[in-house]
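A.B. asks: Pasting in a structure now, in C-alpha cells, and then I'll have a few things to ask.
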Amino acid sequence: MPTRTELSRPMVLLLAVACGVAVGNIYFPQAVSPLVATGLRVSPDAAALIVTAAQFGYAAGVFLLVPLGDRFAHRPLIVTLLSVTGAVLVAASAAPGLPPLVAAGALTGLTTVIAPLVAPMAAGLVADDRRGAVTGTLLAGSLGGMLLSRAAGGTLGEWLGWRAPYLLAASASLLTAAVLARTLPETTPPAAQPYRALLAAPLRLLRTEPELRRSCFYQATVFGAFTAVWTGAALLLTGPAYGLGAQAVGALALVNAGTMLATPAAGRLVDRRGPDAVNLVCFLVVIASAMVLALGGSGGVAGLTALVLGTLLLDVAMQTGMIANQVRIWALSADARSRLNTAYMTCAFIGGGIGSWAATAAYGRFGWPGVCGLIAALAALALTRHAARPRGV
C-alpha cells in the first residue's frame, strides 16, 4: 500500500467529489419519483419503489462488492464500477415502464458503491490523528451528492422530464471514472483471500466484534430515519398540504447543502471527544428533529420553515454519527477495513431501505405525523442501545 503522504489534500477533495457523484445516484430518484409516477402513469406509492430498490441494491452492492477492496487494487475496481453504473443509468433513462426502471435502480445501487470503497482506502493512507477529519471530508462529499442530486434531479426533471436526471447522472459517473483512471494512487490490496472467504468475513466480524455490531445498529436506525424523512418529504410536498412539484423537493435539499460545511468539523470533534460522546448527542438531535418536522405538516411558510430546520438537524446528526461510527470500526483492524466497512454499510443501507419502505407505509396510513413518529422511534431505539452498553464501553 502507498505511504500515507501519497494521499494529498487535493486528492482527498477529488475523492470527496467522487463519493458525491456516486452517492447521488441513489438519492436523486427521491426527487423525481413523483415525475416518474406521472410519466409512467402509476401511483406515487408505486413510483416510490425506485427509491427503495436503489437502497436495497446499494446494501447488496456493499455486501457483494466492497469486500473486493481488500482483494484488488482500488483504481481498476473503482473505475470499472463507475463505468458500469454510467451504462446502467443510460439504460434506466430509456426504461419503457416501471418494472425495468425499478430493476435498473436496483442495479445502479449495486454498482455505485464507490464511497464505501474509498473510505477504508483513505483511512489507510493518512495518519491516525487525521482519520476523523479525512473521513469527515469524504462524508461531506457524500452528503453533497445526497442533497445536490435531489436538487438537480428535481429541477431538471421539471424542465425536461424524469429521464433527463438519469442521463445527467450517467454523464457525471462516466466523467468521474475517466478522471479517477488517471489520478487515483496505486494501492496494494492487504488480503489475498478467495472471494468466498471475503464474503464470509463481514458475517464473522459481526459475530466476533461487539463494537462493530453496536456501530451497525446505531447507523441502521439513524440512517433509516434519514431515508424516511426524505421519502416522506417528497410525498408531503407534492401532496395536498403543499401542492408543489418535484422541484420543491430539490429546493429543500439544496437548502440543506450547507450541512456539508459542518461535516469536516464534526470529524475533528470525533478526533477530540471520541465516538461515544458524539453518538449520544446525535441521537438526541434526531429526536429533536422529529419534533420540529412534525410542525411541517401544517403547510404554509411556517410548515416549510419547520421542514427546513428539521431536515437540517437530521442531516447533520446522521452524518456526524456516521463519522463517529466509522472511526470506531476503523480502529478494530487495519488489515480488514473494507470487510469491516462492508458489514457496517450493509447494515446501514438495509436500515435505509427499511426506512424508505416504512415511511411510504406510514405516510399512506397516518400521513406526515406517522413519518415523524417513525423517525423518533428509530432514534429512541438507538438511544436505548447506547444507554444499555456496558460501563466503560
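A.B. asks: Using amide H atoms built 1.01 Å from N in the peptide plane, name the residues 5+ places from residue 187, or on other chains, whose amide H lies under 5 Å from its own.
C.D. replies: So residue 187 has HN proximity to 74, 75.
A.B. asks: A further question follows. With θ set to phi - 60°, apply the Karplus curve 6.51 cos²θ - 1.76 cosθ + 1.60 along region 303-320 and write out the HN-Hα couplings as whole Hz, x wherever there is a Gly or Pro.
C.D. replies: 3J(HN,Hα) across region 303-320, in whole Hz: x, 4, 4, 5, 5, 4, 5, x, 5, 4, 4, 5, 4, 5, 5, 5, 5, 5.
A.B. asks: Here's a follow-up. Enumerate cysteines in the chain without a disulfide-compatible partner, where compatibility requires another Cys Cβ under 4.7 angstrom.
C.D. replies: 19, 282, 372 - these cysteines have no disulfide-compatible partner (Cβ-Cβ under 4.7 Å) in the chain.
A.B. asks: Can you give the extra length, in nm with one decimal, that the chain gains between residue 361 and residue 159 once fully stretched, where that is 0.36 nm per residue apart less the Cα-Cα distance?
C.D. replies: 69.8 nm
A.B. asks: Assuming a ≥ b ≥ c are the square roots of the Cα gyration tensor eigenvalues, decide whether region 210-362 counts as rounded (a/c under 1.5), prolate (otherwise, with a/b larger than b/c) or oblate.
C.D. replies: Prolate.
A.B. asks: Provide the per-residue ³J(HN,Hα) series for region 64-69, in order, calculated from phi with Karplus coefficients 6.51, -1.76, 1.60 and θ = phi - 60°, each as a whole number of Hz, with x at glycine and proline positions.
C.D. replies: Rounded to whole hertz, the list is 8, 10, 4, x, 5, x.
A.B. asks: Counting Lys +1, Arg +1, Asp -1, Glu -1, what net charge surrounds residue 66 among other residues with beta carbon under 12 Å of its beta carbon?
C.D. replies: Local charge sum for residue 66: +2.
A.B. asks: Turning to a different aspect of this structure: Taking the Cα-to-Cβ direction at residue 265 and at residue 295 and moving 7 Å from each Cα, how far apart do the two end points lie in nm?
C.D. replies: 2.2 nm
A.B. asks: Listing 283, 28 from the residue with the fewest other Cβ atoms within 10 Å to the one with the most, what is the order? Walk me through the numbers on the way to the answer.
C.D. replies: On the way: 283 25, 28 30.
Fewest-to-most ranking of 283, 28: 283, 28.
A.B. asks: Just how far, in whole angstrom, is region 279-344 from region 10-72 if you go by their alpha carbon centroids?
C.D. replies: 18 Å
A.B. asks: For region 208-247 and region 84-105, what is the separation of their C-alpha centers, rounded to whole Å?
C.D. replies: Cα centroid to Cα centroid, the span is 23 Å.
A.B. asks: Can you list the HN-Hα couplings for region 81-92, worked out from phi with the Karplus curve (6.51, -1.76, 1.60; θ = phi - 60°), rounded to whole Hz and with x for Gly and Pro?
C.D. replies: Whole-Hz 3J(HN,Hα) from phi for region 81-92: 5, 5, 5, 5, 4, x, 5, 5, 5, 4, 5, 4.
A.B. asks: Further question: According to a simple spin-label model (label point 7 Å from Cα along Cα-to-Cβ), what is the distance in nm between residue 333 and residue 40?
C.D. replies: Placing both labels 7 Å beyond Cα along the Cβ direction yields 4.0 nm.
Rule-based calculations on the coordinates, nothing more; no lab input. Bear in mind the structure is a predicted one, so any value in this text is a computation, not a measurement. For neighbour counting, all protein chains shown are included, and Cβ atoms are generated from backbone atoms with ideal geometry for every residue, glycine included.
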